[in-house]
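Notes follow the structure.
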Amino acid sequence: MNIHEYQAKEIFNRYHVPTPRGYVASSVEEAVANAQKLGGPLWVVKAQIHAGGRGLGGGVKLARSIEEVSEYARALLGMHLITHQTTAEGTLVQKLYIEEGVEIADEFYLGIVLDRAQEMPVIMASREGGMEIEKIAYETPEKIIKVTIDPFIGFQPYHGRELAFGLNLPKEEMSRFSAFAKALYEAYMENDASMVEINPLVRTKSGVFVALDGKMSFDDNALFRHPEIVAMRDYSEENPIEKEASEYGLSYVKLNGNVGCMVNGAGLAMGTMDIIDYMGGEPANFLDVGGGANASTVAKGFEIILKDPNVKSIFVNIFGGIVRCDRIANGILEATKMVKVDVPVIVRLDGTNAKEAVEILKSANIKNIISATDLSDGAQKAVAAAKGALV
Ligand code: ADP
Ligand code: MG
């Protein structure tokens, strides 16, 4: 789950990670009132959308008067902001963050993610603040300092020194930077974050380290421990189909192809997308219907897949380990009565009672339900059907 910059900064403040003063606004009047509260003389009007790259996309404006704040707020609210991280249509700006303008002396990058290979959080820091970190990692990886923290030991002073030395900070700034990184590490750990990123972290002309930007994502599996973070969820930023799927316990991720996929188990779902690609097609989605697939989950699956107008065929790939294939076959037939499915559905069922399942589908004799003999046959047929070929 992702949150907005203003929400990340709220969390930062709780952990004493310094940020510029600021207030969120949903209208021009509120933006102006916030600017007056801050006092000036320099304000920054920042569009609150989950995507990054707002500055380059025109979503971060420096204002030198209350009139300018008002002007920028009017222009930004209600616009569809396009950045390299949004879709081509952009994201609707519904909220702004009005922040005091900071005199920047130096820009850094500071982030924490989980290093899955080492099974520990890793802090990354760089002097190349304000730039795309992915680009730096690709072109000049030596410019990123990485310090892994063993969660059982926690953030120690030597971790801070390692970061500060790596960044070539003058001696008098080391302990301040170290305290900043430690505070951020605590915000990351205590909230079960999966990512926190400050780009840029700046040193102001008065020598203070401040988080000018803030991005945070959380581990969905730990959200039950953090109701105050769940309350920060902004559904308007999420894909409506993905949201509906999650309400029914289905993991759905929309993709750009035209072969819909309904699979049980995340691993098999990944494998299914690979084989569709291998057969020359492109998956329209990832969909894991979970271990206990039955008629109503399959029906919901069909409904969700078919909300995507690009879908030209559906590949049902279910391995009956705990669930029996005959029950799934009956479930598929029942589901087609609940939901109108007007694209070819290629069904590959394997595992317990697979033979009976094929018989059930065959004797139902529904024109657009086609049984596959195995995985590659199924993928091939689904790809051919999506291209409009007879299967
Ligand atoms: P994004 O990463 O989405 O482009 P940022 O919050 O990083 O958005 O803002 C973009 C740029 O705007 C920053 O790199 C910084 O140069 C400038 N900026 C942002 N907030 C402030 C601020 N409070 N004071 C001065 N400059 C700012
Ligand atoms: Mg930024």
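The values are calculated or read from the model by the stated rules, or taken from the named source; none is laboratory data. Since the structure is predicted, the reported quantities are computational estimates derived from the model, not experimental observations. Reconstructed Cβ throughout: ideal geometry from the backbone, glycine too, with neighbour counts over all protein chains shown. Ligands, DNA and RNA are excluded from the accessible area calculation, which covers all protein heavy atoms including side chains. Shrake-Rupley method; radii C 1.70, N 1.55, O 1.52, S 1.80 Å.
Per-structure values
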read-out	value
Single condition Ala231 does not satisfy, out of (1) away from ligand 1 (no atom under 14 Å from the Cβ); (2) in contact (Cβ under 8 Å) with a residue 24 or more places away in the chain	(2)
Positions within segment 58-71 being open to solvent by 30 Å² or more (accessible area, probe 1.4 Å) and either of a type in the set (A, V, I, L, M, F, W, C) or closer than 18 Å to His4 by Cβ (or both), in sequence order	Val60, Lys61, Leu62, Ile66
Segment 90-108, residues that are open to solvent by less than 10 Å² (accessible area, probe 1.4 Å), of a type outside the set (D, E, K, R) and either part of a strand (DSSP E or B) or in contact (Cβ under 8 Å) with a residue 60 or more places away in the chain (or both)	Leu96, Ile98, Phe108
Residue pairs meeting the criteria (Cβ under 6 Å; at least 6 apart or on separate chains; first in contact (Cβ under 8 Å) with a residue 40 or more places away in the chain, in segment 156-169; second open to solvent by 80 Å² or more (accessible area, probe 1.4 Å))	Leu167/Arg127
Selected residue (criterion: surrounded by the fewest Cβ atoms within 10 Å (Cβ to Cβ)) from residues of segment 231-248 that are assigned to a loop (DSSP other than H, G, I, E, B) and in contact with a Lys or Arg (Cβ under 9 Å, 6 or more places away or on another chain)	Asn239
From Thr204, Thr272, residue being open to solvent by less than 60 Å² (accessible area, probe 1.4 Å), hydroxyl-bearing (Ser, Thr, Tyr), within 16 Å of ligand 1 (Cβ to nearest atom) and in contact (Cβ under 8 Å) with a residue 60 or more places away in the chain	Thr204
Which numbered condition Glu228 misses (of (1) in the same structural domain as Ile133 (by TED's automatic domain parsing); (2) open to solvent by 50 Å² or more (accessible area, probe 1.4 Å); (3) assigned to a loop (DSSP other than H, G, I, E, B))	(3)
Qualifying residue in segment 208-225 (condition: surrounded by 21 or more Cβ atoms within 10 Å (Cβ to Cβ), within 16 Å of ligand 1 (Cβ to nearest atom), aromatic (Phe, Trp, Tyr) and modelled with pLDDT of 95 or more)	yes
Any hit, segment 13-27, residues being open to solvent by 10 Å² or more (accessible area, probe 1.4 Å), closer than 28 Å to Pro240 by Cβ and in contact with a helix residue (DSSP H, G or I) (Cβ under 7 Å, 6 or more places away or on another chain)	yes
Lone unmet requirement of (1) among the β-branched types (Val, Ile, Thr); (2) at pLDDT below 90; (3) assigned to a helix (DSSP H, G or I); (4) over 21 Å from Val259 (Cα atoms) for Ile322	(3)
Exclusive hit being more than 8 Å from ligand 1 (Cβ to nearest atom) and in contact with a helix residue (DSSP H, G or I) (Cβ under 9 Å, 6 or more places away or on another chain), set Ala47, Ala51	Ala47
